[in-house]
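K.L.:
The structure's right below; bear with me while I get my questions together.
The values are calculated or read from the model by the stated rules, or taken from the named source; none is laboratory data. As the structure is a computational prediction, the values presented were derived from the model and not from experiment. Glycine gets a Cβ as well: all are built from the backbone with ideal geometry, and neighbour counts include every protein chain shown.
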Amino acid sequence: MSFASLGLRLHDINHDTDLHRAFASWWDYARVHYMPQRDGQMLGPMSMYYDPIIDTHHHSNLQGPTKLSASLALVPQVRDAARVLVESSYSDMGWPHGALEYRPGDNPTPILNGLFVAREFGDDALYAKLKAHCEAHHEPTWDQRTGEFTFGFGLDEPYPRGQYNGAAAMAEATHKGAWWRLFNEPNLHKFIDPTVYGVDFPTVALSQATYDAQRQVLVIATDTGLPDAAGQQTTFRVTNVNPGQCSVEVDGVRSKTWREVDGDIEIETTVGAHRFLIRENH
């Protein structure tokens, strides 16, 4: 329920419903029987399963990782209670005061979740400690042929493990309070603001796509792209703009290498690092 209710929260925000109320009922029960807390402290171990018929708790043998994983879903919904879980998990794993231990084959999930949560709560010192651990033990790899950065995690697999690298990407992309804001103060203007699409990925990727509503300018930056494709022609499109009132600047120079297509604009460029400013002139 804890993770499913995040979807209910977003549905309520986008469609003016009241489905997330189900979480409140579940949390009243869960905070007593699954993750008991009082006065900012855990009262006992976290339960993976509780059978009310025989009043029996199944407690995980890995309390630290279990609490940390559960906190991810709770941060946007009951932030203070989630913080208690987080602090308890840190203590269980010995992170605040001890050195991080590593054995080949260790599941990297606790470290990756820790990176994400440390970023969310602004725990910069712990984030730096965990980041150093990742760089030392998780096999950071830059594939010069594909231009792709991944972690190998010591798995010796032909393709990078998607779940682990996805968690690592979340930690890299977030910042303090971003996870809470996503479910409580989401940016709904993005659905009507100028938006870039149709990028020829993975030949080229975006390193920035930001709309400045005050200046009415969409800022887009492309990366260097695949080494073998450098300099090749490519295109992308921008929607939610009035083509008749647009101007495009590429690398600081006014550009005419764009055209109207189906009410949007299509910009021609080359594979490489470029910066685009798309303005609506009124």
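K.L.:
Sort out for me the strands (runs of 3 or more DSSP E) sitting completely within segment 152-244 that have 1 or more residues that are crowded, with 16+ Cβ neighbours inside 10 Å, at pLDDT 95 or above and charged (D, E, K, R). Reasoning before the result, please.
P.N.:
Values: elements: 195-197, 206-212, 217-222, 233-239.
Of the strands (runs of 3 or more DSSP E) lying wholly inside segment 152-244, those with at least 1 residues that are crowded, with 16+ Cβ neighbours inside 10 Å, at pLDDT 95 or above and charged (D, E, K, R) span 233-239.
K.L.:
Tell me, yes or no, whether segment 89-105 has at least one residue that is touching a residue at least 60 places away in the same chain (Cβ under 8 Å) and either surrounded by fewer than 18 Cβ atoms within 10 Å (Cβ to Cβ) or within 25 Å of Phe183 (Cα to Cα) (or both).
P.N.:
Scanning segment 89-105, I find no residue that is touching a residue at least 60 places away in the same chain (Cβ under 8 Å) and either surrounded by fewer than 18 Cβ atoms within 10 Å (Cβ to Cβ) or within 25 Å of Phe183 (Cα to Cα) (or both), so the answer is no.
K.L.:
Of the residues that sit in segment 5-35 and are surrounded by 14 or more Cβ atoms within 10 Å (Cβ to Cβ) and among the hydroxyl-bearing types (Ser, Thr, Tyr), which one is farthest from Val84 (Cα to Cα)?
P.N.:
Only one residue fits best here, namely Ser5.
K.L.:
Further, regarding this structure: Taking Gly7 and the conditions (1) under 13 Å from Pro76 (Cβ atoms); (2) at pLDDT below 90; (3) of a type outside the set (Ser, Thr, Tyr), which numbered condition does it fall short on, given that it satisfies the others?
P.N.:
It is condition (2) that Gly7 fails.
K.L.:
Output yes when any residue across segment 172-192 is touching a Ser or Thr at 6+ places or on another chain (Cβ under 6 Å) and polar (S, T, N, Q), and no when none is.
P.N.:
No.
K.L.:
Return yes or no: is Met93 within 21 Å of Met170 (Cβ to Cβ) and in the same structural domain as Thr109 (by TED's automatic domain parsing)? Talk me through it step by step, then tell me what you get.
P.N.:
Values: within 21 Å of Met170 (Cβ to Cβ): yes; in the same structural domain as Thr109 (by TED's automatic domain parsing): yes.
Answer is yes for this residue.
K.L.:
Considering only residues of segment 120-129 that are part of a helix (DSSP H, G or I) and of a type in the set (A, V, I, L, M, F, W, C), which is surrounded by the fewest Cβ atoms within 10 Å (Cβ to Cβ)? Walk me through how you get there before you give the answer.
P.N.:
Step one: list which residues in segment 120-129 are part of a helix (DSSP H, G or I), which gives 120, 124-129.
If we keep only those that are of a type in the set (A, V, I, L, M, F, W, C) as well, we get 125-126, 128.
Working: Ala125: 9, Leu126: 18, Ala128: 11.
Among residues in segment 120-129 that are part of a helix (DSSP H, G or I) and of a type in the set (A, V, I, L, M, F, W, C), the one surrounded by the fewest Cβ atoms within 10 Å (Cβ to Cβ) is Ala125.
K.L.:
Kindly indicate which of Gly98, Gly94, Gly105 is small (Gly, Ala, Ser) and touching a Gly at 6+ places or on another chain (Cβ under 8 Å).
P.N.:
Gly105
K.L.:
Moving on to the next point. Of these, Val84, Val75, which one is in contact with a Gly (Cβ under 7 Å, 6 or more places away or on another chain) and surrounded by 20 or more Cβ atoms within 10 Å (Cβ to Cβ)?
P.N.:
Every option except Val84 fails the conditions.
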